[in-house]
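The values are calculated or read from the model by the stated rules, or taken from the named source; none is laboratory data. Everything quoted here is computed from the prediction, not taken from an experiment. Cβ placement follows ideal geometry from the backbone for every residue including glycine, while neighbour counts extend to all protein chains displayed.
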Amino acid sequence: MSRILVVEDESAIAELISINLRHAGFDVTIATSAEQAQVAVDGVLPDLIVLDWMLPGQTGLAMAKRWRTDVRTRELPIIMLTARAEEVDKITGLDAGADDYLTKPFSTQELLARIRAVLRRKAPEALDSAVEVGTLRIDPATRRVSCGIDGEPREVKVGATEFRLLHFFMTHPERVHSRAQLLDRVWGDHVFIEERTVDVHVKRLREALGPVQCAHMIETVRGAGYRLTQQAGAAPTKPAPALSA
């Protein structure tokens, strides 16, 4: 389920968008100001942001520019939503980093279509493309994982399931994923297995990454799930106990 952050200070419009997105199967969070939007993004990185241009505190345009300069959010898909319909405004919005631009009044069905289109374009499902997060690198084409130590990449041996799990983590960095979500996205929702199985494979993945000092990148978010992070200062961790239900 894709997470959508709707940043809109007009409550009626925000609620209309939220209802339609939830009916379409999206997980929706609403922020009514630039400050709330930043708090939401700092907490859990969404899959896409629907961003109003005019906001209390700071404009959506300024927010988009800031997110594009931050390594954590620079690839974050953004659809600008605004009453500004002049061509120069559209160009300004796109130049600020928006992936698409929709003017008010708008059709909710068109917004849904644009959201799906942007998510398809941004989806890291080009499975043959190598992905790097910090010093960790995964290459699906060659089925190799490596982690740099003192500037020298060292190969990491992982099992098939751990490889898929790591690939999902690395293509969705900094986001918290519950065990149910990981089962759905890594194993497939047609596979009926215990959620605790995820804990076992996370433990194996950490053990494989331990010798190259990358095990600490797989973090346990207690009571919520797991995430992969490259935040500075993360300390190596022992395999965490199973999450409480």
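Descriptive notes on the structure:
- Which numbered condition residue 170 fails, given (1) at pLDDT 90 or above; (2) crowded, with 18+ Cβ neighbours inside 10 Å; (3) over 16 Å from the mean Cα position of the chain (by Cα): (3)
- Residues within region 88-116 that are farther than 15 Å from residue 53 by Cβ and either exposed (fewer than 14 other Cβ atoms within 10 Å of the Cβ) or among the aromatic types (Phe, Trp, Tyr) (or both), tallied: 4
- Cβ-Cβ under 7 Å pairs, at least 6 apart or on other chains, region 125-137 side farther than 15 Å from residue 164 by Cα, far side buried (at least 18 other Cβ atoms within 10 Å of the Cβ) and modelled with pLDDT of 85 or more: 133/170; 133/173; 133/228; 134/217; 135/147; 135/214
- Every residue from region 49-96 that is part of a loop (DSSP other than H, G, I, E, B), within 24 Å of residue 21 (Cα to Cα) and within 17 Å of the chain's Cα centre (by Cα): 73, 74, 75, 76, 77
- Positions within region 1-35 being closer than 18 Å to residue 65 by Cα, touching a residue at least 40 places away in the same chain (Cβ under 8 Å) and in a loop (DSSP other than H, G, I, E, B), in sequence order: 8
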